[in-house]
1. If each residue's Cβ is checked for other Cβ atoms within 10 Å, how do 109, 203, 36 rank with the fewest at the top?
2. Have a look at 26, 122, 260 and tell me which one the Gaussian network model of the chain (Cα, springs below 10 Å) gives the largest fluctuation.
3. What distance in nm separates the simple spin-label points at residue 296 and residue 56, each placed 7 Å from Cα in the Cβ direction?
4. Using only the Cα atoms of segment 1-109, each taken as one equal point scatterer with no solvent, compute I(q) by the Debye sum, divide by I(0), and report log10 of the ratio at q = 0.15 Å⁻¹.
5. Please arrange 148, 84, 55 by counting, for each residue, the other beta carbons lying within 10 Å of its beta carbon, fewest first.
6. Expressed in nm to one decimal, what extension gain is obtained for the pair residue 208 and residue 229 from 0.36 nm per residue of sequence separation less their Cα-Cα distance?
7. What full-extension length gain, to one decimal in nm, is calculated for residue 287 and residue 197 as 0.36 nm per residue of separation minus the Cα-Cα distance?
8. Expressed in whole Å with the largest first, what are the equivalent ellipsoid semi-axes of the chain derived from the C-alpha gyration tensor as the square root of 5 times each eigenvalue?
């Protein structure tokens, strides 16, 4: 079963799907192992994590596709990846779709900003003409080799120059008519009004069209009563917390590095104590060192394998207890 087919099946089987945004294969592995049904590769997270750049269109298509490929290879669940604007016009979109599909992801989302784009919640967003944007979606649909590869059409119209809510609805309907598998609108805040009105408007013409929702990391969700189930009840099938893993990692690393600078070795010792018993305590085991050893036992000459493991010392990756040799 292809990953697009698998994701479509999950969408049929479950009331809704939700996952934290990931930037790296390690983030994706953790998302999978903590029970999430799919993985999302965030564009902003990729840009800041991989290159140290903000999300203003500086990341190139090969860099994004490479990250998507590495993430897809690291997990067994479907991956949805940010594909920005498709990195150009409709001709660029054709190659972008083919490259992401070859990378093994289940689907991508394409937005209607000018290229270079920027994060959907930053100022300065500008839109390409609707006819051109719809043409890019048609090109994306026709470029698919697997009919179940998912093309998500995203509009940033609400907060863009010359846009607004009605323009967002107009564009999303046009993208649905162009064949988009799913629709995605970036909303300006954590309230229910825009998402409810958008879903109602789309489902009047396309009652079965799946909708994608960004539980955006740019918003103050702790001030909103909305829960995932509330958003699903509006008609949204797939949800992401867009830059969740990057933000959690940033906070944790900042706090650890600050503590290490202040307290020296005591900070590391206290961290080791807090990590004891945690699922990520043995990073060698998490990374798959035992599986590597099994493959070596299968394929290496027996005497070479014996020498490697009987005449050397170190960590086994089988758990920290008793690993020192």
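1. Fewest-to-most Cβ neighbours within 10 Å comes out as 203, 36, 109.
2. Evaluated over the chain, the most mobile residue of the options is 260.
3. 4.7
4. -0.59
5. 148, 55, 84
6. That pair, residue 208 and residue 229, stretches by 5.7 nm at full extension.
7. Full extension from residue 287 to residue 197 adds 27.9 nm.
8. Equivalent ellipsoid semi-axes, largest first: 40, 23, 18 Å.
Bear in mind that the values in this text are calculations on the coordinates, not laboratory data. No experiment lies behind these values; they were computed from the predicted model shown. Cβ atoms come from the backbone with ideal geometry, glycine included; neighbour counts cover every protein chain shown.
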